[in-house]
Amino acid sequence: MRPRPGEVLHFSEDPTISVFRPHIAATARHPEAVVWAVDAGQAPHYFFPRQCPRAMAWAGPDTAEADVERIIGPGGGRRVHAIEYGWVHRFLTVDLYAYRLPAAPFRPIGEPLPHAHVANEPVEPLGPAEPVGDLLQLHHDAGIQLRILNNLWEFWDTVTTSTLAYSGIRLRNAQPRHDHEPAARPG
């Protein structure tokens, strides 16, 4: 599921939205009311249930091959997404939709590279919500490894200290960090 030329996408579990109105998301670090959307490169970040925590990493222009080999590994392309076991059922059963929106009212946001597109005015979809379909198949078709982990934090810490490009979404919904201290042995 990718936008066509002149479009951006908004992913939602609600197939009944007729107008997207600018708002300040409860979790947003962005202080102004906007409508959020993504372009083709960012679309895979949203091949997930909305509230699902995910850690994503990919080879960028400044990525060392050693980090690709160490973190992404052999045979897995140049991108990896990770979720926790507790989200697998929801990932496999969610009804996710994509809205195609006209790109004209949107501008890229984020530094050093844009991570989204925002509009300051209401935006009407170009048509009805489209079912996204099988999220596992979307990952496969896009050549993205999908990892299922007990806990995202060790992977996240490894990725964020590497030369890979990365993004984390809804990490506040992830399992708490594990204390990596060994358990004390009874005396």
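Dimensions of the chain along the principal axes, based on C-alpha atoms and rounded to the nearest Å, stand at 65, 37, 34, largest first.
As an exercise, use a Förster radius of 25 Å and the Cβ-Cβ distance of Glu121 and Arg29 to find the FRET efficiency, rounded to the nearest 0.05.
0.75
Shown in residue order for the range 158-166 are the 3J(HN,Hα) couplings computed by the Karplus curve 6.51 cos²θ - 1.76 cosθ + 1.60 at θ = phi - 60°: 5, 5, 6, 10, 9, 8, 5, 6, 7 Hz (x for Gly and Pro). Where does the chain land at 222 nm, in deg cm²/dmol rounded to the nearest 500, when only DSSP H runs of n ≥ 4 count, each adding -39500 (n - 2.57), divided by all residues? Counting only the DSSP helices, I get -3000 deg cm²/dmol.
Extension gain for Val19 to Ile148 (0.36 nm times residue separation, less C-alpha to C-alpha distance): 42.9 nm. Restricting the GluC sites (Glu not before Pro) of the range 11-76 to loop positions (DSSP other than H, G, I, E, B) with no more than 13 neighbouring Cβ atoms within 10 Å leaves Glu13, Glu32.
Taken along the Cα-to-beta-carbon direction at a fixed 7 Å, the label points for Leu92 and Arg177 span 3.2 nm. The slack between Arg170 and Arg107, meaning 0.36 nm per residue of separation minus the straight C-alpha distance, is 20.4 nm. Working ranking of peptides 138-151, 77-90 by packing, defined as the average number of other Cβ atoms within 10 Å per residue, highest first, is 77-90, 138-151. When each of the peptides 152-160, 95-103, 18-26 is scored by how many other beta carbons lie within 10 Å of its residues on average, the order from highest to lowest is 95-103, 152-160, 18-26.
Inter-part distance, the range 89-118 to the range 1-36, computed on C-alpha centroids, equals 6 Å.
Only the coordinates and a few stated rules stand behind these numbers; no lab work does. In this text, all values refer to a predicted model and were calculated from it rather than measured experimentally. Virtual Cβ from ideal backbone geometry, glycine too; neighbours counted across all protein chains shown.
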